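Trainee: Below is one structure. I have some questions about it.
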């Protein structure tokens, strides 16, 4: 890429997801949200350490469907298309993930209160401060699906190629603004000069035996990893995966 962004530490999944998200030319606020997503993942050294948003009440069913379709970072397919009410369910899921009292006094199109203290919200948002492909990236990805759906409908109706439709979508704008705030407030504290440590799962792999006939060779590991991958896909789709390790 010619954007000058240093991707040397990035997890491969983030490279793919970011390429898709940044293909949307939705203006400076969207670009800022993506920059904050990168900063959020940077604060965890870009480790896809199996953090996971466990709570799936209100989660749009399209997310589980996307996981079953090999998690390709792209617009949600037209067949099946996003079901009616996708955006409302996504917003309801986001509201349910955060502190319960945030939205109780919010009227109309108002935004909920947003704390200004950085690094200070993690205890209240422990279910959402999750890094990697099953963390906040899912919210941003679904936000892009919703935005593209609004854009497409607006374009079909002749509303300025969809741009005006997206600008007028108050719920989408409100959710994207709140997620953008969270991506700053929910970061871990990391020293800019500190190099990324080796992920724990990588270190564990290096400590395994290398024998060929004792079940510890590359072939045995490959079979184990293959089985683990299938189980992870099933858990991702159902939301019944192992609870993310406490930090």
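The values are calculated or read from the model by the stated rules, or taken from the named source; none is laboratory data. As the structure is a computational prediction, the values presented were derived from the model and not from experiment. Note: ideal-geometry Cβ built from the backbone for every residue, glycine included; neighbour counts use all protein chains shown.
Trainee: Given the stretch 138-238, what helices (runs of 4 or more DSSP H) lie entirely inside it while holding 1 or more residues that are assigned by TED's automatic domain parsing to the domain that holds residue 110, within 30 Å of residue 99 (Cβ to Cβ) and modelled with pLDDT of 90 or more?
Mentor: Answer list for the stretch 138-238: 163-168, 170-185.
Trainee: Can I ask one more? Could you say which residue among 57, 83 is touching a helix residue (DSSP H, G or I) at 6+ places or on another chain (Cβ under 6 Å), loosely packed, with under 13 Cβ neighbours inside 10 Å and farther than 18 Å from residue 131 by Cβ?
Mentor: 57
Trainee: Is it true that residue 102 is surrounded by 14 or more Cβ atoms within 10 Å (Cβ to Cβ), free of Cβ contacts under 8 Å to residues at least 24 places away in the same chain and on the phi < 0 side of the Ramachandran plot?
Mentor: Here the answer is yes, as residue 102 does meet what is asked.
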